[in-house]
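Just below is one structure, and these are the notes that go with it.
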Amino acid sequence: MPSSKILFTAAAICFLVAIAVPTAAITIGEDGAADDVALESTSPYATIDDGELTLDFAALNDRSRSEFDDVFSISVADDSIERIWLSHEVDGVTFYRDGDRNDELDESNPIVPAAGDTTSVGVAIDTHVAASGTKSFTVHVEYADEDDENADIELVDVAYSDAELGAGETLTVNATYRNYGDDRGSTIATLVVDGIVVDRQVVHVGAGETETVAFERSMDRSGTFEVGVDDRKPRSITVWPPGEPAPDFAVIEATLEADTIPRGESAAVTATIENTGNVTGETTIELAVGGAVVDTQLVELDPGEVTTVTFERQFDDPGEYAIAVSGVDAGTLTVTERELIVVLNREFTSSSAAAVVPAGVLGFLFAATGVRRRVNL
């Protein structure tokens, strides 16, 4: 079975809620980074100090539900990581990803990352059911089997449910893998649409065995799309405008606010979306960076309605990145090194500031520091 590290094992959720983690095999640095996983504060609710990530939610109302969409992020720098998920036993507290409050981040719905991916984590707190006390939560990081080097896994078949379908219908793609090696192993299956990786699944295959995974994708836009798995030659899938009442979405334009930014800064990408169908509906708009989807937004539009969506994404590494929104090219973003500015013969007044958080009816404080390693049996 895959080995896993339990990352940022937390203890103490209460009102006020405190979560502390014993440091173990992997230590988070002052910037929140571990060897191949990094936590970063992306909101005023999260701070990193002395290797601890602290989430502080003050003055929550009693018997209400509060959502905090972008509290902290999880970044991955190693392709050997297969899955990341969060677990806890706190009624009324939910972790979710990328601003989608219906996309709970748990073992049944984990992050399946590639190196360079960053996932935003939000927190929902329902004080109707959340009770005071001490609980815990854990971020699990699952790695590939250590025996993978003796596995030999190949994609042997790809089957499509349809070659033609109507806008709004679901396309199913079944990918079958065979392990020709001597040990159980795993690989990451990728669904590719028009050259962009739009979905991933981890596939575990025993020695000499086959395993099939199914991708399901709602085809919300009419047109012709090249759909494939991994590097297998794609197949042309035609999506017709709906013959019966149904929504049909089109990305009219996608643009970069700036085509050059310094490393560490965020780029803004804006897209214009129209529902060209004859029924109100919703669709998922996808931001792709370097040929892979890294963020999504859900939009709902009436017939003929036009709206714009904007993505903000931070880039920490210099280079050139192809940017697209739901398959529509937004341009190439160039990320440059920061210029070093040296200031000589200047005197600055030192000052310090203290932030005072007023006591509220309810509050949450989460902290995480380290890792211990385990093997799933």
Task: Extension gain (nm, one decimal) between D103 and E300, 0.36 nm per residue minus Cα-Cα - done: 69.2 nm
Open item on the list: Based only on Cα atoms, what mean projected area does the convex hull of region 249-336 have, in nm²?
Closed with: 4.9
Task: Residues whose placed amide H lies under 5 Å from that of A246, excluding near-sequence neighbours - done: N278, V279
Task: Estimated vicinal HN-Hα couplings, Hz - region 111-128 in sequence order (Karplus 6.51, -1.76, 1.60; Gly, Pro = x) - done: 6, 10, x, 10, 4, x, 6, 10, 10, 7, 10, x, 10, 10, 10, 10, 7, 5
Task: In Hz, Karplus ³J(HN,Hα) per residue of region 70-78 (6.51, -1.76, 1.60; θ = phi - 60°; x = Gly, Pro) - done: 10, 8, 8, 10, 10, 10, 10, 10, 9
Open item on the list: Between W240 and A114, what's the calculated FRET efficiency when r is the beta-carbon distance and R0 is 22 Å? Round to 0.05.
Closed with: 0.10
TODO: Using 0.36 nm per residue of separation minus the Cα-Cα distance, give me the extension gain between D182 and N278 in nm, one decimal.
DONE: 29.1 nm
TODO: Quick one: which residues, 5 or more positions from L105 or on another chain, have an amide H under 5 Å from its amide H? H modelled 1.01 Å from N in the peptide plane, none for Pro or chain starts.
DONE: F95, Y96, R97
Task: Residues whose placed amide H lies under 5 Å from that of G168, excluding near-sequence neighbours - done: M219, D220, R221
Open item on the list: Neighbour counts of other C-beta atoms within 10 Å: give me F225, F249 arranged from fewest to most.
Closed with: F225, F249
Open item on the list: Give me V90, V129, V213, V335 sorted ascending by neighbouring Cβ count inside 10 Å, so fewest comes first.
Closed with: V129, V213, V335, V90
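Read-outs throughout are calculated quantities, based only on the coordinates presented, and are distinct from any laboratory measurement. On a predicted model such as this, the values are computed, not experimentally measured, just so you know. Methodologically, a virtual Cβ is constructed for each residue, glycine included, from the backbone with ideal geometry; neighbour enumeration extends over all protein chains shown.
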